[in-house]
Amino acid sequence: MPLNDAFVTGVGFHPFGRFPDKTLKEIAGHAALAALNDAGLDPDGIDAVFCSNAYAGLLNGQESVRGETWMRTLGIGGIPIVNIENACAGGGTAVYLATMAVRSGQFRRVLVVGAEKMYSGDTARAIAALATSSDIEFTQGIGMQFAAVDAIRVKKVMQEEGVGEEALNWIASKSHNNGALNPNAQFQMPMTPQEVGASRMIADPVRLYMCSAISDGAAACVIAAEPGQRNVRIAGSALASSPVRARQGNRSTAKRAAEACYAQAGVGPDAIDFAEVHDAVAPIELIYYRDLGFCAPGEVARFVDEERPALRGTMPFNPSGGINARGHPVGATGIAQICELTLQISGDAGQRQLERARRGIALNAGGWMGEDPAINAIHILEAV
């Protein structure tokens, strides 16, 4: 059966950062109302709501009905409200499900909201919550740390591609400089590669200024069956879980999702103008240059040396500042990526506006399953 089109017609944020005096409801509601306002809708104009959150149960004590509590304060009820939890890819998963719901014809307008309140002054508590996004039967007792896992992945791609530490410092600096142009980013200070390289080592070769921080914040978007003022279409929407490699070959979760998304959109990497990817540590971008098809194996070092992923490069990565600078309130991250793609494509990204932004791709990864993220959500958005 042919599917209908789906469009992003409104986007909204609560800025990312640390807001000890605000509740999770306030943060989520702020972003939701901003997205509705951007779409020209009031709360009664929505047919369903998909809500993404990962850690409110562990960090804030609210389980099970998180989305219902958020929406009730806005006067939204009587319609389907769906709670989604899928580690750091919960936001991308919520966008995927909302897109499928609109494409199927079930709903005409869906509000997607992702929010997280992770900062409490107790960093160890937040890190412990993050560590539960893995198979705890295998990771209990070994001190699961995502920075350490990503450091291993970065070191591997450095060895495979002949990439030096200077490239890692440049990537983090590039992201922080982009974040300095983003009024919703947690960190809005430019940073030189030298400053990145002088920060303390967290897990070799990953340094402090390459890592995302504990964040509060929210992002929201409206997905509809008809284009709105933004004229941005969801051309591809794909989800892939970590493969059982012994049975399914050596293709990563990101490659699987990317192949499905490109096929659905009817385009290849050469048709993509920019990318937002999941850089919980900034140099993890190195992996996605290859996995998303923007350079062949053996060409990653040259890709960075030529500064192609820079804001004014030929293939900009993370113009928003990415997780590294924008921040990582986990449930909001995947939706924030969709918002950035929408702002860029509709020419509304302010000082970080790209010269060419007709079509963009977003990769939102979550959790860890031994060799891969547990889940990857990938979307391609394009101008109508």
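The values are calculated or read from the model by the stated rules, or taken from the named source; none is laboratory data. Note that the structure is predicted; figures quoted are calculated from it, not measured. A quick note on method: Cβ atoms are made from the backbone with ideal geometry, for glycine too, and the neighbour counts reach across all protein chains shown. Accessible surface areas use protein heavy atoms only, side chains included; no ligands, DNA or RNA. Shrake-Rupley method; radii C 1.70, N 1.55, O 1.52, S 1.80 Å.
So here's what we get for this one:
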| item | result |
| --- | --- |
| Qualifying positions in the stretch 342-381 - open to solvent by less than 20 Å² (accessible area, probe 1.4 Å), farther than 16 Å from residue 182 by Cα and among the charged types (D, E, K, R) | 372 |
| Leading residue by the ranking (farthest from residue 32 (Cα to Cα)) among those in the stretch 200-213 that are outside any strand (DSSP E or B) and either of a type in the set (Phe, Trp, Tyr) or open to solvent by less than 20 Å² (accessible area, probe 1.4 Å) (or both) | 205 |
| From 325, 336, 254, residue being touching a Phe, Trp or Tyr at 6+ places or on another chain (Cβ under 8 Å), modelled with pLDDT under 95 and on the phi < 0 side of the Ramachandran plot | 254 |
| Elements of type strands (runs of 3 or more DSSP E) contained in the stretch 1-99, each with 3 or more residues being open to solvent by less than 20 Å² (accessible area, probe 1.4 Å) | 7-17, 48-52 |
| The stretch 15-56, residues that are farther than 20 Å from residue 227 by Cα and touching a Lys or Arg at 6+ places or on another chain (Cβ under 8 Å) | 16, 19, 22, 23, 24, 27, 51, 53, 56 |
| Matching residues in the stretch 100-131 - criterion: being assigned to a helix (DSSP H, G or I), within 21 Å of residue 19 (Cβ to Cβ) and either of a type in the set (D, E, K, R) or open to solvent by less than 40 Å² (accessible area, probe 1.4 Å) (or both) | 125, 126, 129, 130 |
| Those residues of the stretch 226-243 which are part of a strand (DSSP E or B) and not small (Gly, Ala, Ser), in sequence order | 232, 233, 234, 239 |
| Every residue from the stretch 342-384 that is within 15 Å of residue 92 (Cβ to Cβ), in a strand (DSSP E or B) and not small (Gly, Ala, Ser) | 361, 363, 364, 375, 376, 378, 379, 380, 381 |
| Checklist (1) among the hydrophobic types (A, V, I, L, M, F, W, C); (2) at pLDDT 90 or above; (3) assigned to a helix (DSSP H, G or I); (4) under 22 Å from the mean Cα position of the chain (by Cα) applied to residue 189, failing item | (3) |
| Matching residues, the stretch 316-341, being open to solvent by less than 10 Å² (accessible area, probe 1.4 Å) and part of a loop (DSSP other than H, G, I, E, B) | 316, 318, 319, 320, 321, 327, 329 |
